[in-house]
1. (1) away from ligand 3 (no atom under 15 Å from the Cβ); (2) modelled with pLDDT of 95 or more: which one isn't true of Trp192, the others all being true?
2. Kindly indicate which of Ala174, Ala178, Ala131 is more than 25 Å from Asp68 (Cα to Cα), in contact with a Ser or Thr (Cβ under 8 Å, 6 or more places away or on another chain) and open to solvent by less than 20 Å² (accessible area, probe 1.4 Å).
3. Here are some residues: Leu236, Leu163. Which one is open to solvent by 30 Å² or more (accessible area, probe 1.4 Å), closer than 15 Å to Thr263 by Cα and within 14 Å of ligand 1 (Cβ to nearest atom)?
4. Kindly indicate the residue of the stretch 25-50 that is farther than 24 Å from Arg348 by Cα and touching a Lys or Arg at 6+ places or on another chain (Cβ under 9 Å) and also nearest to ligand 3 (Cβ to nearest atom) among those meeting that condition.
5. Hey, which of the strands (runs of 3 or more DSSP E) in the stretch 1-83, taking only ones fully inside, have at least 3 residues that are farther than 24 Å from His270 by Cα and within 16 Å of ligand 2 (Cβ to nearest atom)?
6. Report yes if Lys204 is within 13 Å of ligand 1 (Cβ to nearest atom) and of a type outside the set (S, T, N, Q), otherwise no.
7. Quick check on the stretch 183-230: of everything there that is more than 19 Å from Gly268 (Cα to Cα) and touching a Phe, Trp or Tyr at 6+ places or on another chain (Cβ under 9 Å), which residue is surrounded by the fewest Cβ atoms within 10 Å (Cβ to Cβ)?
8. Could you figure out which of (1) aliphatic (A, V, I, L, M); (2) part of a strand (DSSP E or B); (3) touching a Pro at 6+ places or on another chain (Cβ under 6 Å) isn't true of Val274?
Amino acid sequence: MKALVYHGPGDKRWEDVPDAAVQDPTDVVVKVDTTTICGTDLHILQGDVPAVTDGRILGHEAVGTVTDVGAAVTGFAVGDRVLVPAITKCGRCEYCQRGMPSHCQTVGGIGWIFGHLIDGTQAEYVRVPYADTSLYAVPRDVTDDQAIFLADSLPTGYEVGVLAGRVKPGDTVAVVGAGAVGLSAVLTTGLWGASKVIAIDSNKFRLEKALEFGATDAVEVGPGTVADVLALTDGLGVDVSIEAVGYPQTLQTAAALVRPGGTIANIGVHGVPVELPMQEMWIKNVTLTMGLVDTTSIPTLLTMVASGRIPAEKMGTHTFGFDEIERAYEVFGNAAAHEALKVVITTR
Ligand SMILES: NC(=O)c1ccc[n+]([C@@H]2O[C@H](COP(=O)([O-])OP(=O)(O)OC[C@H]3O[C@@H](n4cnc5c(N)ncnc54)[C@H](O)[C@@H]3O)[C@@H](O)[C@H]2O)c1
Ligand SMILES: [Zn+2]
Ligand SMILES: [Zn+2]
């Protein structure tokens, strides 16, 4: 089969590799019909994730068809259409039982293993461990172009942004960063009845997208960002301030936007320490949350996509064949120049 293989920083190749096969009785093999690229894949290619070593097949998001099942698998059969989420879970360990499969002890202490600790989904076929507890059946009325975004970006914006931030009816919400993850928070914040959703980014195209996805206001990043957001909230600041970029200054901005009693929900993956003005924050009764996505909201999100309440397909701006995957990386890696949000890589 063919797969996109990592060969060290800056080096990836679409090449022939041994076919994915069942190794353990709890495995299935999935023919990948649709996959996508995550910002994390770009981090890996920059050499930021040392656990990813030479020879690893990249990717942690897929929609596909089961082609082989291990002897112990009871919930899925050959021919089933499935969503392969970014998080793999045993369902039984301490963290899985607590609803935190992001820290599944059985699969390696971290639930994100595809394209990280084991071979991933940017391939013609992928081996899926713990299939019964990890895979989701895709409802017939949800398309591949919708389901693919439920593997990672939509649950991330929803769980680590909206749910962790405890958005309530009437709340004012700011989302710093209108990439796929920030826009996922924008899309799902409306479900909780936020009165105002303010998107903040430096990219005009993405701010337009944010308004299309349900933001009430768009603020272009600049020296006046905090003042602009305060002006939109009667000088009070927002109830929930979501950070979806991953830089020190964007978390500092998110922290500066929150009102007393509010929540700062950090989604961004940070690579360096971040200094926060605790001398100003301690007296504001604010909460700061952070974490790795669990993807446990996928059943809820699938229902909302199926009913039309979440137009997930709007995340995809470009479509490529598998043999064009390197081009897909170029477009996604230069998203601003190409007006790209998420790319869809598909066999269709
Ligand atoms: N916590 C988790 O489980 C989890 C899961 C997936 C992704 N992430 C992280 O979420 C973050 C967002 O992911 P993404 O895929 O949407 O990334 P992205 O790169 O597509 O989007 C980031 C957005 O931030 C904007 N931006 C850059 N600098 C800015 C600034 N100074 N002020 C405002 N906006 C600015 C960019 O224009 C872009 O639109 C990343 O850090 C990613 O690693 C976290
Ligand atoms: Zn990801
Ligand atoms: Zn587990």
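The values are calculated or read from the model by the stated rules, or taken from the named source; none is laboratory data. The structure displayed is predicted, hence computed values, not measured ones. All Cβ positions, even for glycine, are placed from backbone atoms using ideal geometry, and neighbour counts span all protein chains on display. We work out accessible area using only protein heavy atoms, side chains counted, and drop any ligands, DNA or RNA first. Shrake-Rupley method; radii C 1.70, N 1.55, O 1.52, S 1.80 Å.
1. Status for Trp192: all satisfied but (2).
2. Numbers: Ala178 fails: in contact with a Ser or Thr (Cβ under 8 Å, 6 or more places away or on another chain); Ala131 fails: more than 25 Å from Asp68 (Cα to Cα).
On inspection, the qualifying residue turns out to be Ala174.
3. Numbers: Leu236 fails: within 14 Å of ligand 1 (Cβ to nearest atom).
None of the others qualify; the one that does is Leu163.
4. Asp27
5. On the way: elements: 2-6, 12-16, 28-36, 62-69.
Where strands (runs of 3 or more DSSP E) fall fully within the stretch 1-83 and carry at least 3 residues being farther than 24 Å from His270 by Cα and within 16 Å of ligand 2 (Cβ to nearest atom), they are 28-36.
6. Values: within 13 Å of ligand 1 (Cβ to nearest atom): yes; of a type outside the set (S, T, N, Q): yes.
In short, yes.
7. Per the criteria, the residue is Leu191.
8. (2)
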